[in-house]
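Here's the structure we're looking at; comments come further down.
The values are calculated or read from the model by the stated rules, or taken from the named source; none is laboratory data. Predicted model, so just to flag it, every value in this text is computed and none were measured. When we count neighbours, we look across all protein chains shown, and the Cβ atoms used for this are built from the backbone with ideal geometry, even at glycine. These accessible areas exclude ligands, DNA and RNA; they are computed on the full protein's heavy atoms, side chains included. Shrake-Rupley method; radii C 1.70, N 1.55, O 1.52, S 1.80 Å.
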Amino acid sequence: MNTIQGNRITLVAILAVIGAAASANAGLIGVNAPPSGEASHQQIITSTYGGSFSGAPATGFTGSGASSGISIVRTEDFGNGGTRNVNGVGSVSDDTIWAGGIISARAIGRYAGYNQTFGYLSGSGNSLTYNNLFNVGGSETGVSGSVTDINLGSLTGGSWRWARSGDNGVHSSRPSDNVDGLDHMVTYRVNGLNNGKITWLLFFEDLNESQCPDWDYNDLAIEVTTTVPTPGAVTLAGLSGLLVVAGRRRKSR
């Protein structure tokens, strides 16, 4: 980590503590305002969900109008370690390594000159093999590219690091995987959609430190969702399985 990003991390961590004392965030990477002609996180989120949103990357966003009741909560970039479960369960951890099960994902924004693809690196070890989930077409918020109902936990052996790739190489959610050793992804959790899904927003920076990135993290924006069964559905599924087994036992007698 170089001095510039180190200073940004320290400043944002201090501001997060002062401005949101009740927050459990361990530490957040700073997100700069985009250059003229490019959309901010707030604008990409508004384009995705409609209505209007107020707030900032360091504090998250709150919806109003058509998006009333929706909150976009920034998650930890560093300081907690561990594995974050894409299903939204378990202890709080940062956004470097993920675990869970069946996910769907789609591109929601691209403000970059380089080509963009979205995928993952398997496990929590040192493998840097990029596995592509889809290519991103279009630009700005008129983008395409998606994958549906992929059992990522099974494909990755249980855990993974999110990643983008393209003309400028691979950037992972874990800073130590990246050429410059810096954090190239920030994450939000979307609450209040009431669609039976856990939803995350991933925003990537695709330039390395030597290329003078603007650190606005809007080169690629991805929405990830996973369906979490209700306790009742789990119970019914369990009862159904027991009835099938019981029926088989009767037939075998």
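Looking only at the range 38-77, filter to residues that are among the hydroxyl-bearing types (S, T, Y), under 19 Å from the mean Cα position of the chain (by Cα) and over 26 Å from G113 (Cα atoms); which one of those is least open to solvent (accessible area, probe 1.4 Å)?
T75
Within the set of pairs 6+ apart or on separate chains, which have a first residue in the range 206-224 that is closer than 12 Å to T141 by Cα, a second that is of a type in the set (A, V, I, L, M, F, W, C) and in a loop (DSSP other than H, G, I, E, B), and C-beta atoms under 6 Å apart?
Final answer for the pair search is D219/A112.
Filter the range 78-98 down to residues that are more than 12 Å from the chain's Cα centre (by Cα) and not in a loop (DSSP other than H, G, I, E, B), then give me how many there are.
So the count comes out to 0.
Could you please find all residues in the range 205-228 being in contact with a strand residue (DSSP E or B) (Cβ under 6 Å, 6 or more places away or on another chain), surrounded by fewer than 24 Cβ atoms within 10 Å (Cβ to Cβ) and not β-branched (V, I, T)?
E223, the sole residue that qualifies.
Which pairs do you get when a residue that is free of Cβ contacts under 8 Å to residues at least 24 places away in the same chain and polar (S, T, N, Q), found in the range 73-94, comes within reach of a residue that is buried (at least 18 other Cβ atoms within 10 Å of the Cβ) and not in a loop (DSSP other than H, G, I, E, B), reach meaning Cβ atoms under 6 angstrom, with the pair 6+ apart or on two chains?
If the second residue must be buried (at least 18 other Cβ atoms within 10 Å of the Cβ) and not in a loop (DSSP other than H, G, I, E, B), the pairs left are N85/A99; S93/R84.
Do we find that S127 is farther than 18 Å from F203 by Cα, open to solvent by 10 Å² or more (accessible area, probe 1.4 Å) and touching a Leu at 6+ places or on another chain (Cβ under 8 Å) in this structure? Please lay out each step first, then the result.
Working: farther than 18 Å from F203 by Cα: yes; open to solvent by 10 Å² or more (accessible area, probe 1.4 Å): yes; touching a Leu at 6+ places or on another chain (Cβ under 8 Å): yes.
Here the answer is yes, as S127 does meet what is asked.
Matching residues to (1) surrounded by 15 or more Cβ atoms within 10 Å (Cβ to Cβ); (2) of a type outside the set (V, I, T); (3) closer than 24 Å to T59 by Cβ:
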| position | (1), (2), (3) |
| --- | --- |
| G79 | no, yes, yes |
| T83 | yes, no, no |
| G88 | yes, yes, yes |
| W98 | yes, yes, yes |
| G101 | yes, yes, no |
| I108 | yes, no, yes |
| G113 | no, yes, no |
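Scan the range 44-55 and tell me whether some residue there is within 13 Å of W200 (Cα to Cα), among the hydroxyl-bearing types (S, T, Y) and in a loop (DSSP other than H, G, I, E, B).
Within the range 44-55, none of the residues are within 13 Å of W200 (Cα to Cα), among the hydroxyl-bearing types (S, T, Y) and in a loop (DSSP other than H, G, I, E, B).
Mind checking whether some residue in the range 148-156 is hydrophobic (A, V, I, L, M, F, W, C), more than 17 Å from L202 (Cβ to Cβ) and open to solvent by 20 Å² or more (accessible area, probe 1.4 Å)?
Checked against the condition, which is being hydrophobic (A, V, I, L, M, F, W, C), more than 17 Å from L202 (Cβ to Cβ) and open to solvent by 20 Å² or more (accessible area, probe 1.4 Å), the range 148-156 yields at least one hit.
Suppose we filter S122, S144 for residues that are over 27 Å from G50 (Cα atoms), open to solvent by 20 Å² or more (accessible area, probe 1.4 Å) and among the hydroxyl-bearing types (S, T, Y); which single one remains?
Step by step, each of S122, S144 is checked, and only S122 is over 27 Å from G50 (Cα atoms), open to solvent by 20 Å² or more (accessible area, probe 1.4 Å) and among the hydroxyl-bearing types (S, T, Y).
Of all residues in the range 194-226, which are of a type in the set (D, E, K, R) and in contact with a Pro (Cβ under 6 Å, 6 or more places away or on another chain)?
If the condition is that a residue be of a type in the set (D, E, K, R) and in contact with a Pro (Cβ under 6 Å, 6 or more places away or on another chain), then E205, D216 are the ones that fit.
Of everything in the range 157-186, what is outside any loop (DSSP other than H, G, I, E, B), in contact with a His (Cβ under 9 Å, 6 or more places away or on another chain) and not hydroxyl-bearing (S, T, Y)? Give them in sequence order. Reasoning before the result, please.
Kept after step one, since they are outside any loop (DSSP other than H, G, I, E, B), are these residues of the range 157-186: 159-165, 171-172, 175-177, 185-186.
Restricting the remaining residues to those that are in contact with a His (Cβ under 9 Å, 6 or more places away or on another chain) gives 163-165, 171-172, 175, 177, 185-186.
If the condition is that a residue be outside any loop (DSSP other than H, G, I, E, B), in contact with a His (Cβ under 9 Å, 6 or more places away or on another chain) and not hydroxyl-bearing (S, T, Y), then A163, R164, H171, P175, D177, M185, V186 are the ones that fit.
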